[in-house]
Amino acid sequence: MKLAMIGFGQAGGKIVDKFLEYDDRTGSGIVRSAIAVNTAKADLLGLERVPEENRVLIGQARVKGHGVGADNELGAEIAEEDVDEVQGAIDNVPVHEIDAFLIVAGLGGGTGSGGSPVLAKHLKRIYTEPVYGLGVLPGSDEGGIYTLNAARSFQTFVREVDNLLVFDNDAWRKTGESVEGGYEEINDEIVRRFGVLFGAGEVQAGDNVAESVVDSSEIINTLSGGGVSTVGYDAEVVKEHDSGGLLSRFKGEKSDDMDTANTTNRITSLVRKAALGRLTLPCEIEGAERALLVVSGPPEHLNRKGIERGRKWLEEQTGSMEVRGGDYPVHEPNVAASVLLSGVHNVPRIKELQQVAIEAQENIDEIQEESEENLETLVEDEEDELDPLF
């Protein structure tokens, strides 16, 4: 799948930078164009791989390149005012060569949280290609203002994109981990999971062709219908003497049957672990409207029977009749299963996020009222003895 990626805000820019690194390392070629948008000049300077001409600083008249300080209403206003500057960079995207736009943003801050829904709305008005969002939720320990930002941004963003893929930091941060080290690891995880998914079906001359091809149309159809998506992933290292390795060529028919059974069992086990393990957004998989299964690995370790069994198991678990699946042969030392669940509804984390945000908003309103009353008390001149300056 060929994507035009736009990283909005600090987290979004860093993740797009990571996707470019992933492309260089794996030769996936997912990112056809990469753009980073920010109100903070320092964040743009800190990027390593996004081309300098594609780093767009907005809001200079309002915030002088210093960011919006977690004020996502200001972030949204600036994005609306300066959307033409962002469009200037998007004009250089070879749109005829891309399958979709992907706007990547952290939803807890100010710039990405406020600006990404604005940009999504703008792109959908102009282009016929799908516009997806990849939104990162803040950890519950990051504070009320970030939770409030995320809740408001989430409900706006999900309405403006064709589908919102979500990654929840809360499910991935480890206790005792440094902030920088934690985010670095989380960004690696985001890119690994979505990289396998978006990279599926990319075949060059001389590559092994899949038995059951998964390509961009499969991903687009799974994401169509909108809503929220989550991705599960699991991998297992394969050894040379495992099924399909060199030794199996010198064995008889019985051994071949055992090899096939082992391969089938490995794949079905991986599919279950991917779907029931840590999802990018933890949720109940029952009731997911659509699903896509991609099994990748060395061609000799993939078989149609295992993938078909995994797909049928997903159908049973989700209750969806719209479950697609296929393999993606790659010359890597592991077999991996990637499961995309789209249109998920039973997501306790979102309900919790909204509840905490409502409480935070009420607290902020109360503090604002108290603050005004306290100021009045402080400067009160009961006898009206002082004349104001003007």
Legend entry - Flag if Ser28 is hydroxyl-bearing (Ser, Thr, Tyr), at pLDDT 95 or above and under 20 Å from the mean Cα position of the chain (by Cα): no
Legend entry - Given (1) surrounded by 24 or more Cβ atoms within 10 Å (Cβ to Cβ); (2) over 19 Å from the mean Cα position of the chain (by Cα), index of the condition Asn92 fails: (1)
Inset, instruction - Give Ala105, Ala36, Ala42, Ala120 a once-over and let me know the one that is surrounded by 18 or more Cβ atoms within 10 Å (Cβ to Cβ), at pLDDT 95 or above and in a helix (DSSP H, G or I). - result: Ala120
Legend entry - Qualifying residues in segment 17-32 (those that are touching a residue at least 40 places away in the same chain (Cβ under 8 Å) and touching a Leu at 6+ places or on another chain (Cβ under 8 Å)) - the one surrounded by the most Cβ atoms within 10 Å (Cβ to Cβ): Ile30
Legend entry - Those residues of segment 99-145 which are under 18 Å from the mean Cα position of the chain (by Cα) and among the aromatic types (Phe, Trp, Tyr), in sequence order: Phe101, Tyr132
Legend entry - Pairs where the first residue, in segment 332-354, is within 30 Å of Glu300 (Cα to Cα) and the second is among the basic types (Lys, Arg) and in a loop (DSSP other than H, G, I, E, B), C-beta under 9 Å, 6+ apart: Pro333/Lys239
Legend entry - Filtered residues of segment 126-143 (kept if surrounded by fewer than 18 Cβ atoms within 10 Å (Cβ to Cβ) and farther than 21 Å from Glu352 by Cβ): Ile126, Tyr127, Thr128
Legend entry - Residue pairs meeting the criteria (Cβ under 6 Å; at least 6 apart or on separate chains; first closer than 9 Å to Gly110 by Cβ, in segment 65-79; second of a type in the set (Gly, Ala, Ser) and not in a helix (DSSP H, G or I)): Gly67/Ala40; Val68/Gly110; Ala70/Gly109; Ala70/Gly110; Asp71/Gly110; Asn72/Gly110; Gly75/Gly110
Inset, instruction - Given the conditions (1) over 20 Å from the mean Cα position of the chain (by Cα); (2) open to solvent by less than 60 Å² (accessible area, probe 1.4 Å); (3) closer than 24 Å to Thr156 by Cβ, report the number of the one that Asp71 does not fulfil. - result: (2)
Inset, instruction - For segment 87-100, state whether one or more residues are in contact with a Gly (Cβ under 9 Å, 6 or more places away or on another chain) and in a loop (DSSP other than H, G, I, E, B). - result: no
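This table checks each residue for (1) out of contact with any Gly (no Cβ under 6 Å at 6 or more places or on another chain); (2) in a helix (DSSP H, G or I); (3) open to solvent by less than 10 Å² (accessible area, probe 1.4 Å); (4) β-branched (Val, Ile, Thr).
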| site | (1), (2), (3), (4) |
| --- | --- |
| Thr268 | no, yes, no, yes |
| Cys283 | yes, no, no, no |
| Ala291 | yes, no, yes, no |
| Lys312 | yes, yes, no, no |
| Gln317 | yes, yes, no, no |
| Arg324 | yes, no, no, no |
| His331 | yes, no, no, no |
Inset, instruction - Please indicate, with yes or no, whether at least one residue in segment 293-308 is in contact (Cβ under 8 Å) with a residue 24 or more places away in the chain and closer than 23 Å to Ala171 by Cβ. - result: yes
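The values are calculated or read from the model by the stated rules, or taken from the named source; none is laboratory data. Since the model is a prediction, treat every value here as computed from it, not as a measurement. When we count neighbours, we look across all protein chains shown, and the Cβ atoms used for this are built from the backbone with ideal geometry, even at glycine. Just the protein is used for accessible areas: all its heavy atoms, side chains included, with ligands, DNA and RNA removed. Shrake-Rupley method; radii C 1.70, N 1.55, O 1.52, S 1.80 Å.
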